Amino acid sequence: MRVRRPDDDHIDVQMAPLIDVVFLLLIFFMLTMSIRKPDVREGVAAPLELALELPHSGAAVASSNPNDTLVLAVDKSGNKYAGVQQLSTQALHNIVKAAAARNPNQKVRIDADRSAKYEDVIEVIELCQFEGLRNVGLHTAPTPPTVTREGMPHATR
């Protein structure tokens, strides 16, 4: 014979903890989502910089004299640039060849978007090495500081 206990009849789902968890998840995703407005410069015919999202590095340092550096860039679509001017691979090869002829110790900085294909970046590096330019560096952005609970910036490692 089965004995019924009064607590077996009805099971309640507690809604308050469920709502608390949903709100915590909502707040978490709202705070961690990065919202970035595009950089729009009105009245400027040509951009001063390429819109590249550089990879972050804790060892990134500012260049001491960027004027004597040949700046090459690769965007996420694989387009190649010298400065801010988009070039074909052959035109880029001609620029690198001329720079190597002027100064074999020419510094070269490659700015590559973090979403660029690895093979596109390697193609530019190999182009520099083929022409005899050995002082080639990759440009990275410094690691952004995180904020502690006290509101003070703290560098991550």
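The values are calculated or read from the model by the stated rules, or taken from the named source; none is laboratory data. This one's a predicted model, so the numbers in the text were calculated from it and none came from an experiment. Note that each Cβ is placed from the backbone with ideal geometry, even for glycine, and that neighbours are counted across all protein chains shown.
A few notes on this one:
- Yes/no for N67 being surrounded by fewer than 17 Cβ atoms within 10 Å (Cβ to Cβ), outside any loop (DSSP other than H, G, I, E, B), over 15 Å from the mean Cα position of the chain (by Cα) and modelled with pLDDT under 90: yes
- Flag if E131 is of a type in the set (D, E), within 18 Å of S77 (Cα to Cα) and modelled with pLDDT of 85 or more: no
- The listed residue being surrounded by 13 or more Cβ atoms within 10 Å (Cβ to Cβ), modelled with pLDDT of 85 or more and touching a Ser or Thr at 6+ places or on another chain (Cβ under 6 Å), out of K97, K117, K107, K80: K107
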